[in-house]
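Scroll down for the structure; my scribbles are underneath it.
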Amino acid sequence: MDEYKIKHIEEGLTQIEFPEFDKISSDAPVFYNPHMEMNRDLSILAIQVFQKQEDREINICDLFGGSGIRGVRYKNEIDGVGEVSINDISETANQFERHNIELNNLDDVEVYQHDASMFLRMKRGEFDVIDIDPFGTPSPFMDSAGYGARRNSLLCVTATDTSALCGTYQEPCIRKYNSKPYKSEYCHETGIRILAGFVALTLSKYAKYIEVKMSHSTEHYMRLYLEIKKGSKRTDESLKNIGYISHCKNCLHRQVSNGLASPIEEICPVCGEKLVHAGPLWIGAIQDADFIEKMIDETNHKKINTEKDALKLMNACLLEAGAPATFYDVHTVCKSLKISAPKLDLIFDEIKNQGFIAIKTHFNPLGIKTDATIKDIEKILISLQ
Ligand SMILES: C[S@@+](CC[C@H](N)C(=O)[O-])C[C@H]1O[C@@H](n2cnc3c(N)ncnc32)[C@H](O)[C@@H]1O
Ligand SMILES: [Zn+2]
């Protein structure tokens, strides 16, 4: 460790040290990304809510430790945590993980050096919380997570390969998530749904199913908080949440269909053009109001440096709970109508005046989640000119 110039940072109540680097990259001797602080802060809130809900001591696995910042913060800042296991394939990362455990005077935090999948298989059923925060895609580790996750546990999953999930190119998404993406104005939501669908389908072979507690797409990453339950009947039932989103490039109509192999309409019912399909993906709930409300409440008991942004995001996700899948982007619809965009507040008011739901979305500041059809939205936008 002496060969490195050391950088010292503080997140929440925790001190962390790692080798200084010029550029955030997987080439750094030990990886640390300051832009992920809110991700770590939200994880602390989510795991604390889960711990209180379970009302027992929980064991946590930080599967891709890096500097150990997650595992160390989880032990240091979450109540009711028993043992924390920090794993990383890199020996240098392990050295700094041990150093950071000591720096924060923590007991019951163990460091391991294994491939992530091997580790989950060796430690099957031992963790109440598994945090998967890899470089890029979590896809290669998901099968072992399905094998290793215990009943009534929390699975936290980060994906930074957003261009694959959003469908910038189709092949990487098909290859990694066995799902066809579609690049639309709501592709970040489709991406979250592809990721959740992939986890659900992967876990189903172990008769495990997911409940999505919170999900978000922020900057360069997507993050899911999933409760894992077990039971073959319930898993079969839960797979009814797998389906497709079909989109019309011509008129912007979109529709959701459920079932893996059910027939999907090929022709747009609004304009008669051919529909494009994204999926299989998760068409069930992607936010849980009760869980998110508790996360928001938990901010009163934690020291969270990113509190302002975290609260803004959690409140936006809270509003989205129960909202329809996908959203209209005001600028995209106005562009297709060749009109200028009315004020956003006026549009929301008018949609609600007409008896429809109108909900903002964290995915896009100009997005409207609504049960109104594209034709209803167009009429409203034209009436506001
Ligand atoms: C994105 S970093 C983790 C960042 C950390 N969780 C944080 O919040 O700062 C990914 C880490 O995974 C480790 N890693 C890469 N491949 C691995 C594998 N197959 N098994 C276990 N660890 C791996 C890398 O050494 C790196 O430290
Ligand atoms: Zn159409």
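The values are calculated or read from the model by the stated rules, or taken from the named source; none is laboratory data. From a predicted model like this one, the values you see are computed outputs, not experimental measurements. In this analysis, Cβ positions are derived from the backbone assuming ideal geometry, glycine residues included, and neighbour counts consider all displayed protein chains. When the accessible area is computed, the model is the full protein with side chains, heavy atoms only, and any ligands, DNA or RNA have been set aside. Shrake-Rupley method; radii C 1.70, N 1.55, O 1.52, S 1.80 Å.
Sum -39500 (n - 2.57) across every DSSP H segment of at least 4 residues in the chain, then divide by the residue count to get the 222 nm mean residue ellipticity, nearest 500.
On the way: 14 runs with 144 residues, N = 385.
Helix-only estimate at 222 nm: -11000 deg cm²/dmol.
So what J values fall out for region 113-119 if you push phi through Karplus, 6.51 cos²θ - 1.76 cosθ + 1.60 with θ = phi - 60°, rounded to Hz, Gly and Pro as x?
In residue order, the calculated couplings are 10, 9, 5, 4, 5, 4, 4 Hz.
Can you work out ³J(HN,Hα) from phi for every residue in region 70-79, in order, using Karplus 6.51 cos²θ - 1.76 cosθ + 1.60 and θ = phi - 60°, giving whole Hz and x for Gly and Pro?
5, x, 5, 5, 4, 5, 7, 10, 10, 7
Largest first, what is the accessible-area ranking of SER85, SER262 with a 1.4 Å probe?
Accessible-area ranking of SER85, SER262, largest first: SER262, SER85.
Over region 154-210, what portion of Cα pair distances is larger than 18 Å, expressed as a whole percent?
On the way: 489 of 1596 pairs.
Cα-Cα pairs in region 154-210 separated by more than 18 Å: 31 percent.
Given a 1.4 Å probe and every protein chain left where it sits, what share in percent of the accessible area of region 328-383 is carbon and sulfur?
Details: 1590 of 2910 Å².
The C+S portion of the solvent-accessible surface of region 328-383 is 54 percent.
When the convex hull of the Cα atoms of the chain is projected onto a plane and the area is averaged over all directions, what value comes out in nm²?
19.6
Sorted by packing (mean other beta-carbon atoms within 10 Å per residue), highest first, where do 234-247, 299-312, 69-82 land?
Working: 234-247: 19.3, 299-312: 14.7, 69-82: 22.4.
Ranked from most to least packed, the peptides come out as 69-82, 234-247, 299-312.
Give the calculated FRET efficiency between ASP349 and SER257 to the nearest 0.05, with a Förster radius of 25 Å applied to their Cβ-Cβ distance.
It comes to 0.20.
Given the pairs LYS5/LYS308; LYS308/LYS338; LYS75/LYS294, which span a C-alpha to C-alpha distance of over 28 angstrom in this model?
LYS5/LYS308; LYS308/LYS338, as the Cα separations exceed 28 Å there.
With every protein chain present, what is the per residue accessible area of region 261-308 (1.4 Å probe, Å²)?
About 53 Å² of surface per residue is accessible.
What area, in nm² and to one decimal, does the C-alpha convex hull of region 169-266 cast on average over all directions?
7.1
So what is the relative contact order for region 328-383, in percent, with contacts set as C-alpha pairs under 8 Å and at least six apart?
40
Any chance you could list the semi-axes, whole Å, largest first, of the equivalent ellipsoid that the Cα gyration tensor gives for region 329-384, using √(5λ)?
15, 14, 10
Consider a paramagnetic label point 7 Å from the Cα of LEU13 along Cα→Cβ; state which residues of region 90-104 have an amide N under 14 Å from it.
Correct set: 104.
Once fully extended, how much extra length lies between SER163 and LEU337, figured as 0.36 nm per residue of separation less the alpha-carbon to alpha-carbon distance?
59.8 nm
Kindly provide the pair-distance distribution of region 297-345 built from C-alpha pairs, with 5 Å bins from 0 and whole-percent values in order of increasing distance.
Going from the shortest bin to the longest, the percentages are 4, 15, 16, 14, 15, 13, 11, 6, 4, 1.
Which whole-number percentage describes the relative contact order of region 6-320, with Cα contacts under 8 Å and a sequence gap of 6 or more?
Once divided by the residue count of region 6-320, the mean separation gives 15 percent.
Taking 8 Å as the Cα distance limit and 6 or more residues as the minimum spacing, I'd like the relative contact order of region 208-292 as a percentage.
31
Assign one of three labels to region 1-138, namely rounded, prolate or oblate, based on the Cα gyration tensor with a ≥ b ≥ c the square roots of its eigenvalues; rounded applies when a/c is under 1.5, prolate when it is not and a/b is larger than b/c, and oblate otherwise.
prolate
Determine the shape class of region 226-385: with a ≥ b ≥ c the square roots of the Cα gyration tensor eigenvalues, call it rounded for a/c under 1.5, and otherwise prolate if a/b is greater than b/c, oblate otherwise. If you can, show how the numbers build up before the last one.
Working: a/c = 2.56, a/b = 1.15, b/c = 2.23.
It is oblate, given that a/c is not under 1.5 and a/b is not larger than b/c.
In whole Hz, what ³J(HN,Hα) sequence does region 89-99 give by Karplus (6.51, -1.76, 1.60; θ = phi - 60°), x for Gly and Pro?
Listing the rounded values in order: 6, 8, 5, 5, 4, 4, 4, 6, 4, 4, 4 Hz.
Can you send over the carbon and sulfur percentage of the accessible area for region 190-311, probe radius 1.4 Å, protein chains only?
Details: 2530 of 5110 Å².
Of all accessible area on region 190-311, carbon and sulfur atoms account for 50 percent.
Per 5 Å bin from zero, what fraction in whole % of the C-alpha pairs of region 50-205 is there, up to the bin with the longest pair?
2, 10, 18, 19, 17, 15, 10, 7, 3, 0
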